[in-house]
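Participant: Okay, here's the structure, questions in a sec.
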Amino acid sequence: MTADTLPPAVLEELQALAGYMRTHGLVLATAESCTAGMISAMLADVPGAGALLDCAFVTYSVDAKRRCLGVDDAVLAQHNLTSEAVARAMAEGAARRTDANVVIANTGVADDGGTGVPAGTQCYAWLFRHAAGALAKDPAEAAWTVYAETRRFPGGRMAVRRESARYALGRVAHYHGLLRTRGA
């Protein structure tokens, strides 16, 4: 889908998010598995997205999660691939590789391909960097806050992935607002 084919309500949501991001100086990076780049592509449909989007890591395979994001084997061994722990590790790995101050990570199952995970299950992490530009290499020194959620979406493979991407973007202002309320 492009901005020309997005339903008007979705385009309005994206434009509102873009305005919010501009107002608060937010720049996004994504670490996507199940959505395979749809989160970043959806934001890129908004005019002026170049100022809002730094990069997108599409790490569909387990090996790509390790190689591109540095997801630790211990996390992968201890948790299902469709888990908040893996989404969090993906977000933190992306944060170590970009100056973006917001990272959205997604991992999930769009259809019945996941062992022990219901179709449509999506796990997310939203990472917000506290100190602009501070690249923490050591997790103990991380200057960020991470929020995580698991949701389940109905529908076929494409519908699940599309709604998952839309949901991920739709929560940026919510979690950023929580962070601002806490004073972090």
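Participant: Tell me which residues, restricted to region 122-170, are farther than 24 Å from L11 by Cα, at pLDDT 95 or above and in contact with a Gly (Cβ under 9 Å, 6 or more places away or on another chain).
Facilitator: T150 - this is the single residue of region 122-170 that is farther than 24 Å from L11 by Cα, at pLDDT 95 or above and in contact with a Gly (Cβ under 9 Å, 6 or more places away or on another chain).
Participant: From the set of residues in region 32-55 that are of a type outside the set (G, A, S) and touching a residue at least 60 places away in the same chain (Cβ under 8 Å), which is nearest to A119 (Cα to Cα)? Don't jump to the end; show me each part of the working.
Facilitator: Step one: filter region 32-55 for residues of a type outside the set (G, A, S), giving 32, 34-35, 38-39, 42-43, 45-47, 52-55.
Pick out the ones that are also touching a residue at least 60 places away in the same chain (Cβ under 8 Å) and you get 32, 34-35, 38-39, 42-43.
Working: E32: 17, C34: 12, T35: 14, M38: 18, I39: 19, M42: 22, L43: 25 Å.
For region 32-55, the residue satisfying everything is C34.
Participant: Across region 1-55, which residue is surrounded by the most Cβ atoms within 10 Å (Cβ to Cβ) among those that are among the acidic types (D, E) and not in a helix (DSSP H, G or I)?
Facilitator: Looking at residues that are among the acidic types (D, E) and not in a helix (DSSP H, G or I), I get E32.
Participant: Quick one: count up the residues across region 71-103 that are within 13 Å of L28 (Cα to Cα) and in contact with a His (Cβ under 7 Å, 6 or more places away or on another chain).
Facilitator: Summing the residues that are within 13 Å of L28 (Cα to Cα) and in contact with a His (Cβ under 7 Å, 6 or more places away or on another chain) in region 71-103 gives 0.
Participant: Further question: Considering each residue of region 156-179, count those that are in contact (Cβ under 8 Å) with a residue 24 or more places away in the chain and within 20 Å of V102 (Cβ to Cβ), and give that number.
Facilitator: Qualifying residue count, region 156-179: 14.
Participant: Could you say whether any residue in region 68-87 is touching a residue at least 12 places away in the same chain (Cβ under 8 Å), part of a strand (DSSP E or B) and of a type outside the set (F, W, Y)?
Facilitator: no
The values are calculated or read from the model by the stated rules, or taken from the named source; none is laboratory data. Everything quoted here is computed from the prediction, not taken from an experiment. Cβ: placed from backbone, ideal geometry, glycine included. Neighbour counts: every protein chain shown.
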